[in-house]
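Only one structure is covered here, and it is reproduced in the block below.
The values are calculated or read from the model by the stated rules, or taken from the named source; none is laboratory data. These figures come from a predicted structure and were not determined experimentally. Note that we place each Cβ from the backbone using ideal geometry, even for glycine, and neighbour counts take in every protein chain shown. When the accessible area is computed, the model is the full protein with side chains, heavy atoms only, and any ligands, DNA or RNA have been set aside. Shrake-Rupley method; radii C 1.70, N 1.55, O 1.52, S 1.80 Å.
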2 protein chains.
Amino acid sequence: MPTDIEIARAATLQPVGAIAEQAGIPAEALHPYGKFIAKIDTDAIPGFHDKPDGKLILVTAISPTPAGEGKTTTTVGLGDGLTRIGKKTMIALREPSLGPSFGMKGGAAGGGYAQVVPMEQINLHFTGDFHAITSAHNLLAAMVDNHVYWGNGLGFDTRTITWRRVLDMNDRALRSIVSSLGGNGNGFPREDGFDITVASEVMAIFCLARDSADLEERLGRIVVGRTRDKRLITAADLKATGAMSVLLKDALMPNLVQTLEGTPAFVHGGPFANIAHGCNSVIATRAALKLGDYVVTEAGFGADLGAEKFFDIKCREAGLKPAVAVVVATVRALKMHGGVAKDALGQENLKALEAGLSNLTRHVGNIRKFGVPPIVAINHFATDTAAEHELIRNYCRNHLGVEAVICRHWAQGGAGAEELAHKVAALADEGEADFAPLYPDAMPLREKLETVAREIYGAAGISLDAKLAARFADLEAAGFGELPICVAKTQYSFSADPTLRGAPSGHIVPLRELRLSAGAGFVVAICGDIMTMPGLPREPAAERIHIDAQGHIEGLF
Amino acid sequence: MPTDIEIARAATLQPVGAIAEQAGIPAEALHPYGKFIAKIDTDAIPGFHDKPDGKLILVTAISPTPAGEGKTTTTVGLGDGLTRIGKKTMIALREPSLGPSFGMKGGAAGGGYAQVVPMEQINLHFTGDFHAITSAHNLLAAMVDNHVYWGNGLGFDTRTITWRRVLDMNDRALRSIVSSLGGNGNGFPREDGFDITVASEVMAIFCLARDSADLEERLGRIVVGRTRDKRLITAADLKATGAMSVLLKDALMPNLVQTLEGTPAFVHGGPFANIAHGCNSVIATRAALKLGDYVVTEAGFGADLGAEKFFDIKCREAGLKPAVAVVVATVRALKMHGGVAKDALGQENLKALEAGLSNLTRHVGNIRKFGVPPIVAINHFATDTAAEHELIRNYCRNHLGVEAVICRHWAQGGAGAEELAHKVAALADEGEADFAPLYPDAMPLREKLETVAREIYGAAGISLDAKLAARFADLEAAGFGELPICVAKTQYSFSADPTLRGAPSGHIVPLRELRLSAGAGFVVAICGDIMTMPGLPREPAAERIHIDAQGHIEGLF
C-alpha cells in the first residue's frame, strides 16, 4: 500500500467552494486560504443560528499503547462511511501542532485512505490559528513585564507571575529561563519559561469560547499572577483583552477542509489533552451540528481522559448532548494490554487478547456513566486473525452488551467503515442517549477529583498533602468552586503509573499540583509529571524534512 | 478629513481576482487568503520568465525627523498617479511588523487617500509570512541547543553561539536571558536572547533570495556559532535547511493586495533597516517588474541608509537596474533640519527651510553617485505656504538641477500625484540611468565602509579599535571579503549623532561591532547603539486596541 503522503498527493481535491456548497455554506461565508482551505464566517450563512442541531458522535479510544489505535483515522473513516450511506455528515477535528512535526516523524491528519487534506498545509502553518494564539499569549506576557517595568501600579509580586510564554516549537532550552537580564533597561530579572503553544490557556479558551464576546470575557478572567497580599491579577486588569481578541479575530472562524472522499471537515483548535481538555473548538463543533445531520468528532488520549473531559468540560460548558460514543481499539493494542510485548503483536494470542479486553470493558462502562450509548470500533490491521475478531465481537456482545464492528477504512476508505456507519447512525437515531456530566457544578472541587478517580479510573481514592488540601480550600474561597476539574495524568494507564496496562483497580491517584485556568474555566489537577514543552529527539525529523526536486515536501509525514 | 482607518473602511475593494487579472495574473496562479489578498505562484503565469522587465522606481527620503516625510504614502500615491495617467504600474512594499503595532499607535500601509488595503489584515497576521519566518528561525535555534544536548558532535563552543531566538513582539524582558536552566533534562545553561522577527537573518535571506533553491543555499550558509578552534558552524552543518525551507515554502510567494484606487501592490518581506537592508523581497520586486511597465518600491529610513543599501545590497545581489529615485521631503521636515523646533513647524520660515535644504542636497547628490537620476517629491501638508513651495522648487531647479514636485496624494489620492507621475515616467523613459553600486565587490571590507562613510555620510573617516581591525582581517581571511557592507547607524543624521540634523561634514563614524550575515550575504557594520528587540511604552497601544460593537478593529491605527 502507498504511504499516507503518496495517497494524499494522488488524490484529486475538490475546490473548497464545492465542499462548502455541499455543506450548505454559501460563497459569501467563505474566506479562502489557498484553493482547498477556507475559514467560515457562520454569521454570513442565512438562518444559520435557527437551524436544528444534528447528532453528535464522539470517537474515543482505549488507553493508548505503542501499538496505536487510530482514533483520528477512525473519525475520518466513520465520517466518510456515513457520507457513503447517504447521511449528511460533518467531521470536527483538532488542528495539529507544528512543533512536534520536527521532532518525531508523523502528521496528525488521519492515515491511509482515511485522511483530511491538504495534509501538508494542515500539518504546517494551516490558516495561522496557532500563530495567532502564540501572538495573543505572548502579548499578554509582554504586557505583564512591561507593567512591572513602568512602575508596577497593580502591585505584582513578581515571584508569583504564573503567565509563561509560548512557542509552537519543541525547544527544551526554553523550559526554564531567567528573563530581563542585561541591566535596568531590560526590566527586573525573574524566573520564567516557555510552554508549547498547544499548552497555552489561550488555546483552551479559544476552544471553549462560544463566540467572540465569550472569548474576550474568558481572556479577561485569565489570572497572570498576584500581589504580595495575594489578590489575583488578571488579563483584564492589564487591559490586554481587547488586543488579544483582535489578534484572535480571524482565527476564531472554523477552518473547512475535506476528507479524501470529499466529506467536509472542520479542523479547528487543538489544546493539549493533559493540562487542557484536548478537543477541537466549541465553535467548530456547534457549527458542524448546524450543518450536518451527523457530526463525528474526537477527543485526545484514551476515554478516561479524553472522553471524560469532553463530557465534563466541553459538553458541560457548551451545552452539547452527545448521541453516541465510539470506542476505538485494535487487536494489537488489546493484546498489549493483555501483556504481550511489542515485537510479538503480530502473532495470534487469544488469551492475551481476552486479558486485554479488561481495558476496553472499563472504558465502555465509563461511557455509560455519562448516559451515552457506546459502540466499539476495531480498527483492522493486516496481522489480525479471524479468531481474534470473533473473540472480541462475542465478548462485547455477551459481556458488555455492545456491538464491536471491524473497520477497514485505513485500507478501503469510507467503504471499509460502512458497517460502523450504519450501526452508529442507528444507535444515534434510537435516541437512547441521556447525557449528564459525571458530577454537578456544585460539588466541591476535591470531591469532583475523587469522583473522577473512583468512578472513571477505578481508584480507591486520591492522595494529597496539607498544602494541596489548603489550595482546594483557597480556590473554593476565591469563588472557583463551581469549575470542573481537568485531570493531567499519564494516558497509558487508568492509574498514575504508565506501566500498569489493562484495568488496574484500588490504586491511589497522587495529586501533585493544582493550577487554576480561570479563563478556560477549569482547575487542572496534575497527578504525576506533565511536560508542557517537549524536546527534540537525538535525530529530529527536521534533519530529513526537505523540498524535493519536484517541489514536494518530503520527510514530514 | 476622515482618519486612515475610516478612509480604508469606506473603500469598496475589488476582489483580488480582479486585481490579479488587471496585473496579468491568471486565476491558476492565485492562492487567495480571504477575499482581498492572494499569494502569487509566478511559475503558474504562462511565459512569465520571458517577459521583459518594466522600469524600477525607488522612493526614498531625506533624513527622517519627528515631523514625518510620508515615504510609504508617496510610494502608494505615485503608483496610483502612474495608473491614472495610463501606465501599467505595480507597487512593491514591505510587510509591516506585528509587534510594534501594540506599542505605539500607527499602521504601516500608507495614509490618507494613499493606502494599501485591506489595512487591518496587512497590519496584523496578513498571510503569515512573518510567523513562518519566526518558526524557521526558532527551529534552527532549537536544533542548535538540541545538538549540544545530544552530545555536541559538531563541537560547539557554547559561549560562541550567535544564533538568538525571535518573536514578532515588543518584549524587552526577552532581550537577554539565561536559557536551559532547571536541570540536566533541559540542556546546558547559557546566555541567550530574543530579537524581534524583522531583525532575523532569516528575514534578510527571505528578502534577498531569488527563488526557493537560492533561499535554501543561503539558509545553509547561516553561521550559528563556532568550535573552540574557531571553525564556523553553519545551519547546513546542523542539517536544518530543508526543514527551514519547508516552513518558508508558501511564504516565499509574493502577496498581492490593492491600493484604495485599485493599483496592484506586492507587499512582501520586511527586514529591519538597520541590521539588514530594509527593502521588500527580491522575489516581489522581480515579479512586479515582469508584470508592470513601471514598478514603484521603497527602502527603509533616509536615503543615506535606505537607498544606499537598496543599491549596494539589493540591486547588486539581484541584478536590478533602477531607472529613477524619488527623494521625498516635506516642508516641515526640511524646516526641522534647518533648526526649527517641532511646535513651531506650522509657521512659515523661509530661512530655516533654506538651511534645511542642505539635507536634501546631500541626499540628491548621493543618489547621483549610483548613476540614478533623482527627482524630489514634496509631500504637501496643510500648513505649507506658497512661498515655501516656491523656494524649494527654485532651489532644486537652480542649485540641484532636479525637479521638485508638490504632491497631494494624501488628501487627493492618485490625482494629487499626477504631476509627479508624469515627470517620473518621463525621467524613466529618457533612459538616462546608468546604475552602478558605489564600490566593487573586490574592494576590501574596511575600505567599503570607509567609502560609504566618506561618499554618502560626508564623514572624514571611520574610527575603530584594534580588535575590529583584526575582525575585518578575519572576515577577509575566511572568504567573506567580497560581501557588501550593511551599515547600522542612526537614521536621524548623516553622522552617528542623531541630534546633528542638516548635512554635517568632516565627522568620524565610530565602528562599534561587526556581525557576519553569511546567509543574507553581507557584513553588518554597527556604528552606535542598535536595538534589535523593542520594548512597549508606558501606555502601550495594546491597552486601547479592541473590537467594537460593529465588529470593527479599533485603536490599531
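Using only Cα atoms, what is the ratio of the radius of gyration of the protein assembly as shown to 2.2 N^0.38 Å? Don't skip to the end; give the middle numbers.
Working: Rg = 30.9 Å, N = 1114, 2.2 N^0.38 = 31.6 Å.
It is 0.98.
Using a/c under 1.5 as the rounded threshold, could you call the range A:130-247 rounded, prolate or oblate? The axes a ≥ b ≥ c are square roots of the C-alpha gyration tensor eigenvalues, and prolate needs a/b larger than b/c, oblate otherwise.
oblate
Return the average number of partner chain Cβ atoms within 10 angstrom of each residue Cβ along peptide B:146-159.
2
Can you grab the distance from the C-alpha centre of the range A:3-67 to the C-alpha centre of the range B:466-530, Å, no decimals?
53
Using a 1.4 angstrom probe on protein heavy atoms only, which residues from the range B:246-261 are buried by at least 10 Å² of accessible area when all chains are present rather than their own chain alone?
SASA drop of 10 Å² or more in the range B:246-261: B:V246, B:L247, B:K249, B:D250.
Among the GluC sites (Glu not before Pro) within the range B:387-455, which fall in a DSSP loop and have no more than 14 other Cβ atoms within 10 Å of their own Cβ?
B:E432
Counting DSSP beta bridges in the protein assembly as shown, what percent are antiparallel, to the nearest 5?
45
As I understand it, the dipole of the range A:130-247 uses +1 on the Cβ of Lys and Arg and -1 on the Cβ of Asp and Glu, about the Cα centre. Which of A:S245, A:L167, A:G153 lies farthest toward its positive end?
Going by the charge dipole, the pick is A:G153.
Where the accessible area of the range A:445-527 is counted over protein heavy atoms with a 1.4 Å probe, how much of it, in %, is carbon and sulfur?
Answer for the range A:445-527 is 50 percent, counting heavy atoms of protein chains only.
For peptide A:543-551, compute the average count of partner chain beta-carbon atoms within 10 Å of each residue's beta-carbon.
Numbers: counts 8, 3, 10, 8, 10, 1, 1, 0, 3.
Counting other chains' Cβ atoms within 10 Å and averaging over A:543-551 gives 5.
Compute the FRET efficiency between B:D229 and B:W150 as 1/(1 + (r/R0)^6), taking r as their Cβ-Cβ distance and R0 = 30 Å, and round to the nearest 0.05.
For R0 = 30 Å, the calculated efficiency reads 0.90.
Between B:A27 and B:R368, what is the spin-label point distance in nm, taking each point 7 Å from the Cα along the Cα→C-beta axis?
5.3
Tell me, what are the semi-axes, in whole angstrom and largest first, of the equivalent ellipsoid of the range A:1-42 as set by the roots of 5 times the Cα gyration tensor eigenvalues?
Here the semi-axes work out to 26, 10, 7 Å.
For B:265-271, what's the mean count of beta carbons from other chains sitting within 10 Å of each residue's beta carbon?
Details: counts 0, 0, 0, 0, 0, 0, 0.
Mean shielding count: 0.
Output the Cα-based Rg and Dmax of the range B:445-527 in Å, rounding Rg to one decimal and Dmax to a whole number.
Here Rg and the maximum Cα pair distance are 12.7, 39 Å.
Size of the dipole of the range B:445-527 about the Cα centre, Lys and Arg at +1 and Asp and Glu at -1 on the beta carbon, nothing else charged, in debye to 20?
Once rounded to the nearest 20, the dipole reads 220 debye.
Would you work out if the range A:171-219 is rounded, prolate or oblate? Take a ≥ b ≥ c from the square roots of the eigenvalues of the alpha-carbon gyration tensor; rounded if a/c is under 1.5, else prolate when a/b is larger than b/c, oblate otherwise.
oblate
If you average 1/r over all unlike Cα pairs in chain B and invert the result, what Kirkwood radius do you get in angstrom?
24.0
Can you find, among B:G519, B:T490, B:F480, the residue farthest towards the positive end of the dipole of the range B:445-527? Put +1 on the C-beta of Lys and Arg, -1 on that of Asp and Glu.
B:T490
Could you work out the percent of alpha carbon pairs in the range B:30-116 separated by over 18 Å, rounded to a whole number?
62
At A:D43, with labels set 7 Å past Cα in the Cβ direction, how many nm apart are the copies from this one, shortest first?
Values, ascending and in nm: 4.0.
Report the accessible surface area buried between chains A and B, summing both sides, using a 1.4 Å probe on protein heavy atoms only, in Å² rounded to the nearest 100.
Details: alone 21430 and 21420 Å², together 37370 Å².
Between A and B, the summed buried area is about 5500 Å².
State which entries of A:K88/A:K321; A:K39/B:K309; A:K35/B:K321 exceed 29 angstrom in Cα-Cα distance in the structure shown.
Violating the 29 Å limit, Cα to Cα: A:K39/B:K309; A:K35/B:K321.
Mind ranking B:S200, B:S505 by accessible surface for me, highest first, 1.4 Å probe? Before the final figure, lay out the partial values.
Working: B:S200 5, B:S505 85 Å².
Descending accessible area places them as B:S505, B:S200.
Dipole magnitude of the protein assembly as shown about its Cα centre, charges +1 at Lys/Arg Cβ and -1 at Asp/Glu Cβ only, in debye to the nearest 20?
Computed about the Cα centre, the dipole is about 1660 debye.
Lys/Arg Cβ at +1, Asp/Glu Cβ at -1, dipole of the protein assembly as shown taken about the Cα centre: which of A:T89, A:F310, B:G193 is farthest positive-ward?
Going by the charge dipole, the pick is B:G193.
Using a Förster radius of 56 Å, what is the FRET efficiency between B:T162 and B:N398 based on their Cβ-Cβ separation? Nearest 0.05, please.
After rounding to 0.05, the efficiency reads 0.65.
Which value, in debye to the nearest 20, gives the size of the charge dipole of chain A about its Cα centre, when Lys and Arg are +1 and Asp and Glu are -1 at the Cβ?
860
Per residue, how many Å² of accessible area does the range A:445-527 show with a 1.4 Å probe?
38
Ranked highest first by the average count of other Cβ atoms within 10 Å around their residues, in what order do B:33-45, A:330-342, B:250-262 fall?
The peptides rank, most packed first, as B:250-262, A:330-342, B:33-45.
Using a simple spin-label model with points 7 Å from Cα along the Cα→Cβ vector, what separation in nm is obtained for B:R544 and B:A473?
Going by the 7 Å Cα→Cβ label model, 5.5 nm.
When DSSP beta bridges are limited to those with both residues in the range B:158-286, what percentage is antiparallel, rounded to the nearest 5?
75
How far is A:D229 from itself in the other copies, in nm, if each label sits 7 Å out from Cα along the Cα-Cβ line, shortest first?
6.5
Among the lysines, select those whose C-alpha is under 26 Å from the C-alpha of A:K230, and discard any that sit fewer than 8 residues away in the same chain.
The qualifying lysines are A:K239, A:K448, A:K467.
Evaluate the distance, in nm, between pseudo-label points positioned 7 Å from the Cα of B:E348 and of A:M1 along their respective Cα→Cβ axes.
Result for the modelled spin labels: 8.5 nm.
Between A:T160 and the same site in the other copies, what are the distances in nm, shortest first, taking label points 7 Å from Cα along the C-beta direction?
Computed spacing set for this position: 4.7 nm.
I'd like the FRET efficiency for B:D529 and A:D434, computed as 1/(1 + (r/R0)^6) with the beta carbon distance as r and R0 of 56 Å, rounded to 0.05.
0.25
Kirkwood hydrodynamic radius (Cα pairs, Å) of the range A:169-317?
17.6
Would you list which lysines come within 20 Å of A:K342, measuring only between C-alpha atoms, while excluding same-chain residues fewer than 8 positions from it?
Reachable lysines: A:K71, A:K105, A:K351.
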